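Below is one structure, written out as structure tokens, with a few remarks after it.
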């Protein structure tokens, strides 16, 4: 499936800020289920961005605006070709989790983190979801338990709320569903990671497909659990749908703090109003994309007699 994505964020400051430094994580990855065709980042005020990959393998576009400004617009455009995921792994016994090489490789996804720090309530939920010696069935059970215990409610929580409270209150958004699942997995010794991305759907709550080829959405989140001998098994507890062709992955980490779409700081004391919109367009499979080429370097442009471009294509 060919999906074209436009992610626009506009910051409005109520006073002039002298400088801002920012990181953007909006570029989809290429993996066994999806292929990044093109990606472009446009900035206003114009700024040169530096692209690199962080420790977790997510592309980061870092940029600074060193002139006084009262607003900042970031537009990230991507074209991605996706496919359905392969079949779920066969039943797997727990013994593989205790293999020293497996544990060493996944150690960082077993530890407590600020957004996935479990207590007694989550530990009990994990024991309830455990399905004998079948690790795969247990991960599915955790997914099902979170689905049963939680109600999707926009605006009901915020990033940073304790996951024990989230489970106790019984409502949240996709980030909460993902963090809960990650924390419960880890409470049982199952490596799990938080995934940031997009979902082509009419509603995050239901995850249903639509007859329309254009949808307005928000960023989405799900989780992946490590299965010995298989790899990472992806599950979407927010809506219960299989992670497949309508899911677009940006990156993963221990929790939200490792893959925030935007992170930055400003020099000044201005208040901030943020307006974000994400549009996903489902394209005709026969449509051929024009691949966005990497930008010319400063040296290239000077050699050709050009001035630096106002928008950076990456």
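No value in this document is a laboratory result; all are computed from the given coordinates. On a predicted model such as this, the values are computed, not experimentally measured, just so you know. Cβ sites come from the backbone with ideal geometry, for glycine too, and all protein chains shown count toward neighbours.
Length gained on full extension, residue 263 to residue 230: 8.5 nm, using 0.36 nm per residue less the C-alpha separation. Expressed per residue, the C-alpha convex hull volume of the chain stands at 147 Å³. Calculated FRET efficiency, residue 270 to residue 73, Cβ-Cβ distance, R0 = 22 Å: about 0.85 to the nearest 0.05. Of all beta bridges that DSSP places with both ends in the stretch 94-243, some 85 percent have antiparallel geometry. Compared with the dominant principal axis of the Cα atoms in the chain, helix 174-187 is inclined by about 50°. Let me have the 222 nm mean residue ellipticity of the chain computed from DSSP H runs of 4+ only, each contributing -39500 (n - 2.57), with the sum over all residues rounded to the nearest 500. Taken over the chain, the calculation gives -5500 deg cm²/dmol.
For the pair residue 88 and residue 279, the difference between a 0.36 nm per residue extended length and the Cα-Cα distance amounts to 65.8 nm.
Only alpha carbons enter this Debye calculation for the stretch 94-243, each as an equal point scatterer, and the log10 of I(q)/I(0) it gives at q = 0.15 Å⁻¹ is -0.72. With 0.36 nm allotted per residue and the present C-alpha distance subtracted, the residue 165-residue 10 stretch has 52.6 nm of extension available. If you plug the beta carbon distance of residue 158 and residue 32 into 1/(1 + (r/R0)^6) with R0 = 51 Å, you get a FRET efficiency near 0.90.
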